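This report refers to the structure that appears directly beneath it.
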Amino acid sequence: MNNTRTKRRILYLCQAGLIAALYVVLTMAVGAIGLSGGAIQLRVSEALCVLVAFMPAAIPGLTVGCLVANLATACLWQDVLFGTLATLIGALGGRLLRKHAYLVPLPTVLANTVIVPLVLAYAYHAPEGLGFLVLTVGAGEILSAYVLGLALLFALRRHGRRLFGEW
């Protein structure tokens, strides 16, 4: 195997691992104040969804990060499985839309707004009702993925290459 190819694989794994670790840390930090799960959630780690616009390694990074965060917070198996699936769907969709900055967070918002309330309603038997859960989870996703995510995206676009080099 040639040296350049090996370096690219190592870089890919390091980027994915770092993103996964950041996702877990952010989820756990926000979880400490009770906002990373439940009917009203602001999962700040969802802002990282915009990283798919810069690097394909963000797809497995976000997915593994979500999986580990859900396992670490003692979620039910349905939440671990379907929450992780929502993150994977969002990351794949965001990667496809990477040329349209304002659309990159959209698949994450949509996937989580559809899937997570169903998990909360049916796996956790949340008493709030599906409509309320769609509104609260959707609002949290808009704040974290769109507002914080786009702020991160534009900051990285402006300063990222200087800080991190070429992606």
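The values are calculated or read from the model by the stated rules, or taken from the named source; none is laboratory data. Computed from a predicted structure; not experimentally measured. Here Cβ is always computed from backbone atoms with ideal geometry, including for glycine, and neighbour counts include all displayed protein chains.
ILE19 - would you say it is closer than 17 Å to ALA145 by Cβ, surrounded by 16 or more Cβ atoms within 10 Å (Cβ to Cβ) and among the aliphatic types (A, V, I, L, M)?
Yes.
Can you tell me how many residues in region 103-156 are under 18 Å from VAL80 (Cα atoms), in contact with a Leu (Cβ under 8 Å, 6 or more places away or on another chain) and among the hydroxyl-bearing types (Ser, Thr, Tyr)?
Residues flagged as under 18 Å from VAL80 (Cα atoms), in contact with a Leu (Cβ under 8 Å, 6 or more places away or on another chain) and among the hydroxyl-bearing types (Ser, Thr, Tyr) within region 103-156 amount to 1.
Just to check your reading of the model, which residue among GLY31, GLY38 is at pLDDT below 95, more than 14 Å from the chain's Cα centre (by Cα) and buried (at least 18 other Cβ atoms within 10 Å of the Cβ)?
From the options GLY31, GLY38, the qualifying one is GLY31.
Among the residues that make up region 138-150, is at least one of them in contact (Cβ under 8 Å) with a residue 12 or more places away in the chain, over 14 Å from ARG43 (Cα atoms), in a helix (DSSP H, G or I) and not β-branched (Val, Ile, Thr)?
Yes, region 138-150 contains at least one residue that is in contact (Cβ under 8 Å) with a residue 12 or more places away in the chain, over 14 Å from ARG43 (Cα atoms), in a helix (DSSP H, G or I) and not β-branched (Val, Ile, Thr).
For PRO105, only one of the following conditions fails: (1) closer than 20 Å to LEU26 by Cα; (2) surrounded by fewer than 21 Cβ atoms within 10 Å (Cβ to Cβ). What is its number?
Here PRO105 clears every test but (2).
For TYR23, state whether it is among the hydroxyl-bearing types (Ser, Thr, Tyr), over 15 Å from the mean Cα position of the chain (by Cα) and at pLDDT 95 or above.
No.
Looking at this structure, is LEU135 in a helix (DSSP H, G or I) and modelled with pLDDT under 95?
Here the answer is no, as LEU135 does not meet what is asked.
Looking only at region 55-74, filter to residues that are in contact with a Gly (Cβ under 7 Å, 6 or more places away or on another chain) and more than 13 Å from LEU22 (Cβ to Cβ); which one of those is surrounded by the most Cβ atoms within 10 Å (Cβ to Cβ)?
Filtering first and then ranking leaves ASN70.
So which residues in region 56-98 are among the basic types (Lys, Arg) and either assigned to a helix (DSSP H, G or I) or touching a strand residue (DSSP E or B) at 6+ places or on another chain (Cβ under 8 Å) (or both), if there are any at all?
Once the filter is applied, which keeps residues that are among the basic types (Lys, Arg) and either assigned to a helix (DSSP H, G or I) or touching a strand residue (DSSP E or B) at 6+ places or on another chain (Cβ under 8 Å) (or both), region 56-98 yields only ARG95.
May I ask you to verify whether LEU133 is closer than 22 Å to VAL30 by Cβ, crowded, with 22+ Cβ neighbours inside 10 Å and not basic (Lys, Arg)?
Judged against the criteria, LEU133 is a match.
Hey, can you tell me all the residues within region 21-44 that are among the hydroxyl-bearing types (Ser, Thr, Tyr) and under 19 Å from LEU120 (Cα atoms)?
THR27, SER36
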